[in-house]
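Below: one structure, written as structure tokens.
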Amino acid sequence: MDFGKAFSFVFEDEDWVKKIAVGGLLSLIPVIGIFLVLGWGVEITKRVINGDTEVLPDWSDFGGYLSRGFMAFVIAFVFLLPVILIQSCSSLPYLYEAADETLLTIFTIVTVCFGCLTTIYSIGAYLILPAAIARYAATGEVGAAFKLGEVFNMVKNNLGTYGMVLLGGILASLVASLGVIACAIGMLFTAVYSFAINGHLWGQAYNVSGSGTAIDSAEPVPAAD
């Protein structure tokens, strides 16, 4: 797996400035903007998996990006739903001002315990999500993302690879935040760049791990371009 390639491939495209700028402007569209950029990132994943020579897409497939982005959002929502539900339920006692202090203390302890569990689950979910979304990108079928046995095998048998993907995602988030430091509007473009990074990492990890088949970690695996 070529970790650095995920950060540098964008600049190999002679039209990268235009493509990133258009993505930044499209992300301003209320509600659907985020789906468009996410779908564009999924397209990058698909191109890496297929070994396409032009990895950085233009924005001609507006409808396709919107559809794929929405489906990727649904996949992420389902995997993260337990965290959302637990956090929502744990905050309910604090909505009542007249609640007994003893009960509030108990609820606080329970909330801390659930917080630890949700943190552990979240780490696991963010390890698994790239595999699930990449399976969707490769097949075009949402159901492929929810074949949990195959998804878990991809991650379990290539844990180091998906650990690198998680690390890359964190670094991509830091890159996105650099736009705020420079100028608030700059975040629109660095955020699009971060989607490109993640998309490339997801595709590479899929190529390394296959569609759920165990891979012998002792054998060298050629890096995906």
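Quick test for you: out of 75, 84, 109, 123, pick the one residue that is modelled with pLDDT of 85 or more and farther than 25 Å from residue 24 by Cβ.
After ruling out the rest, the residue left standing is 123.
Quick one: which residue in 16, 40 is open to solvent by less than 30 Å² (accessible area, probe 1.4 Å) and of a type in the set (Phe, Trp, Tyr)?
Every option except 40 fails the conditions.
When you scan region 1-90 for helices (runs of 4 or more DSSP H) that lie fully inside it, which ones turn up with 2 or more residues that are within 23 Å of residue 166 (Cα to Cα)?
Answer list for region 1-90: 5-8, 32-50, 62-90.
Name the pairs whose Cβ atoms lie under 8 Å apart, with the first residue in region 110-132 and within 18 Å of residue 76 (Cβ to Cβ), the second among the polar types (S, T, N, Q), and 6 or more positions between them or separate chains?
From region 110-132, the pairs are 118/87; 130/198; 131/209.
Out of curiosity, is residue 30 within 22 Å of residue 68 (Cα to Cα) and out of contact with any helix residue (DSSP H, G or I) (no Cβ under 9 Å at 6 or more places or on another chain)?
Considered against the rule, which asks whether it is within 22 Å of residue 68 (Cα to Cα) and out of contact with any helix residue (DSSP H, G or I) (no Cβ under 9 Å at 6 or more places or on another chain), residue 30 comes out as yes.
Of all residues in region 33-55 being aliphatic (A, V, I, L, M) and touching a helix residue (DSSP H, G or I) at 6+ places or on another chain (Cβ under 6 Å), which is farthest from residue 120 (Cα to Cα)?
Taking the candidates together, the pick is 55.
The values are calculated or read from the model by the stated rules, or taken from the named source; none is laboratory data. Worth saying up front: this structure is predicted, and the values here are computed from it rather than measured. All Cβ positions, even for glycine, are placed from backbone atoms using ideal geometry, and neighbour counts span all protein chains on display. Areas reflect the complete protein model, heavy atoms only, side chains present, ligands, DNA and RNA absent. Shrake-Rupley method; radii C 1.70, N 1.55, O 1.52, S 1.80 Å.
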